[in-house]
Amino acid sequence: MQEQIVVEETTGSQVAQQRILVLDFGSQYARLIARRVREQHVYCEIVKHDISPEAIKRHHAKGLILSGGPSSVYSNAAPKCHPGIFDMGIPVLGICYGMQLACDELGGKVHSVPSREYGRARCHTNSGDALFQGIPEEVDVWMSHGDQVTQISENFEPLASTGTCPVAAVKHRELPIYGLQFHPEVTHTAHGDQILRNYVLSICGCDGAWQLGAFADETVERLRQRVGQGRVICGLSGGVDSSVTAALLYRAIGSQLSCILVNNGLLRKAEQETVISEFSNHFQTDLHVVAAEDLFLDALKGVTDPQEKRLRIGHTFIECFKKEAEKIEDARFLAQGTLYPDVIESGAAPDGPAATIKLHHNVGGLPSELGFELIEPLRDLFKDEVRRLGIELGLPAELVWRHPFPGPGLAVRCLGPVTRERLDILREADVIVVSEIKEAGLYRQTSQAFAVLLPVQSVGVMGDARTYDNTVVVRSVDTDDFMTADWSHLPYDLLSRMSTRIINEVDGVNRVCYDISSKPPATIEWE
């Protein structure tokens, strides 16, 4: 079961009065747009693409951003916005598909063209316009489109062009409506943050006064109102996401919070002991530990398909939760540390236009009847925002800056069959990878580092004898938002130490490789 994205009203608050809405047409970067706007200290949320003008007014929106999307505006099934949004007097910025849609709705024409643009392009801008204030006349931008606006109505004027796209940006002559064919939200577009800053501060008139602490205060208050006198169960894994979720809930409802740690046999080495210790130090509330290693391994026996792994882990996880929850009086809510990269890769809302990249066990594959109401207070945040929120909530730096660990655990780093023996090999290799990165002083400089066990054996020589053993891959990436990532350019001597230690200290491994794939086209996790 997946929740649809619901934007709660905060009428009368600073957030409500300084809000930008992103209308989601299915872009994988819709939440990245919201994140970039928040970096300008302006609150931003995602809404459905066909939100009505009345609903927009209730949200006190200062500006609207129409996201990109995979559709063509001339397709019969293309998602459309309510045409009335263009007559509200609220500034509108269309990005990629959003620009094409705005131009199409207001008298222009959009067609598929042979000169498609994917990747970097050199763009000539009209730096005299407010949208491009402070932007060089020649700038590198990131394109991702096969359709173009081939004709604009007389009410529009072009603001930018590339060698193959004559209309790369537009402005309505009378209404506060703008369009960009390129993506200012991605880091590949030079000065993209300045373009968005110009839009939200200069054109929309926002004051840039919003802080993440305001999000924490309002989230705490909403949690108190929603939970009332009920009890919330939170899945605690020891990772950043579940810890910040627990901290938010603890601030909101205190002793009404019960946490459950399910040891599914897919945790890192000594994970259970670490979680219990950290929990006892930072939360004074109810903790339940469930020993379920055999249950999960039985569910995964013989399963090699990554999606099936995630589904089975998700179902088994909920079964364990429900059984343990029966021991907790007044348990009504289930809290999860779902972040937006999880949501968007799972396809967002079930009736939305976004594509599914992979299932996440905490947003996909859940039974239709949980028995609990779902609470996901972090689902609108990115990892870096969650970390900053953790600091705001007083969590220790060593916990807040811990590298992410996937919800399905080592099952998605153990490619092929998941067995107790293979998991033990993976745990030992993973400990070496992380300890060596910490010893080199690079743990905070890298975003996520871990070992992967492949279902591949190769010939080696150890002690003058032939071996035919397992292959371990080391994966380390650098990223700000986990939507895009580059492989970490670790020093050769560090990689050499990792390889030597893994082969010498982990029985059953005779080969170590280093993953130098970026995201995209690869994902950070291997499954």
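Among the residues in the stretch 68-76, are any in contact (Cβ under 8 Å) with a residue 12 or more places away in the chain, open to solvent by less than 10 Å² (accessible area, probe 1.4 Å) and either among the hydroxyl-bearing types (Ser, Thr, Tyr) or in a helix (DSSP H, G or I) (or both)? Checked against the condition, which is being in contact (Cβ under 8 Å) with a residue 12 or more places away in the chain, open to solvent by less than 10 Å² (accessible area, probe 1.4 Å) and either among the hydroxyl-bearing types (Ser, Thr, Tyr) or in a helix (DSSP H, G or I) (or both), the stretch 68-76 yields no hits at all. The set of residues in the stretch 179-208 being of a type in the set (Gly, Ala, Ser), open to solvent by 10 Å² or more (accessible area, probe 1.4 Å) and either more than 28 Å from ILE85 (Cα to Cα) or within 24 Å of the chain's Cα centre (by Cα) (or both) consists of ALA190, GLY208. The single condition among (1) part of a helix (DSSP H, G or I); (2) farther than 16 Å from ARG332 by Cα; (3) free of Cβ contacts under 8 Å to residues at least 60 places away in the same chain that LEU261 does not meet is (1).
Cβ-Cβ contacts under 7 Å between residues 6 or more apart (or on different chains), taken from a first residue in the stretch 193-210 that is of a type in the set (D, E, K, R) to a second residue that is open to solvent by 40 Å² or more (accessible area, probe 1.4 Å), are listed as ASP193/GLU39.
Only a single item in (1) at pLDDT 95 or above; (2) open to solvent by 50 Å² or more (accessible area, probe 1.4 Å) is not met by MET462, and it is number (1). Just one of the numbered conditions (1) surrounded by fewer than 21 Cβ atoms within 10 Å (Cβ to Cβ); (2) under 23 Å from the mean Cα position of the chain (by Cα) is not true of PRO176: (2).
Would you call SER255 open to solvent by 20 Å² or more (accessible area, probe 1.4 Å) and touching a Ser or Thr at 6+ places or on another chain (Cβ under 8 Å)? Judged against the criteria, SER255 is a match. Checking each residue in the stretch 266-285 for being more than 23 Å from ASP430 (Cα to Cα) and open to solvent by 60 Å² or more (accessible area, probe 1.4 Å) picks out SER280, ASN281, HIS282, GLN284. Of everything in the stretch 92-109 that is more than 27 Å from the chain's Cα centre (by Cα) and of a type outside the set (A, V, I, L, M, F, W, C), the residue that is surrounded by the most Cβ atoms within 10 Å (Cβ to Cβ) is GLY108. Report yes if some residue within the stretch 470-482 is over 30 Å from the mean Cα position of the chain (by Cα), in contact (Cβ under 8 Å) with a residue 40 or more places away in the chain and within 22 Å of CYS414 (Cα to Cα); otherwise report no. Yes, the conditions are met somewhere in the stretch 470-482.
Within the stretch 470-508, the set of residues being of a type in the set (Asp, Glu) and either out of contact with any helix residue (DSSP H, G or I) (no Cβ under 9 Å at 6 or more places or on another chain) or modelled with pLDDT under 95 (or both) comprises ASP478, ASP480, ASP481, ASP486, ASP493.
Between GLU385, GLU398, the distinction of being modelled with pLDDT under 90, within 24 Å of ALA451 (Cα to Cα) and either out of contact with any Phe, Trp or Tyr (no Cβ under 7 Å at 6 or more places or on another chain) or open to solvent by less than 40 Å² (accessible area, probe 1.4 Å) (or both) belongs to GLU398 only. For the stretch 264-294, the tally of residues that are small (Gly, Ala, Ser) and assigned to a strand (DSSP E or B) stands at 1. Give the stretch 227-254 a look and list any residue that's touching a residue at least 24 places away in the same chain (Cβ under 8 Å), in a loop (DSSP other than H, G, I, E, B) and not hydrophobic (A, V, I, L, M, F, W, C), or say none. Passing the criteria: GLN229, GLY230, SER237, GLY238, GLY239.
Within the set of pairs 6 or more residues apart or between chains, which connect a residue that is without any contact (Cβ under 8 Å) to a residue 40 or more places away in the chain inside the stretch 154-171 to a residue that is aromatic (Phe, Trp, Tyr) and surrounded by 15 or more Cβ atoms within 10 Å (Cβ to Cβ) with Cβ atoms less than 8 Å apart? Within 8 Å, the pairs are LEU159/PHE132; LEU159/TYR178; ALA160/PHE132.
Highlighted here are the helices (runs of 4 or more DSSP H) found entirely within the stretch 383-469 that include at least 3 residues which are in contact (Cβ under 8 Å) with a residue 40 or more places away in the chain: 383-392, 420-439. For the stretch 483-527, which positions are open to solvent by 40 Å² or more (accessible area, probe 1.4 Å), under 21 Å from the mean Cα position of the chain (by Cα) and without any contact (Cβ under 8 Å) to a residue 12 or more places away in the chain? Across the stretch 483-527, the qualifying residue is only PRO521.
The values are calculated or read from the model by the stated rules, or taken from the named source; none is laboratory data. The structure presented is a predicted model; accordingly, all values stated were derived computationally and were not measured. With ideal geometry, Cβ positions are generated from the backbone for all residues, glycine too; neighbour counts draw on all protein chains shown. Quick note on the areas: whole protein, heavy atoms, side chains included, nothing else; ligands and nucleic acids left out. Shrake-Rupley method; radii C 1.70, N 1.55, O 1.52, S 1.80 Å.
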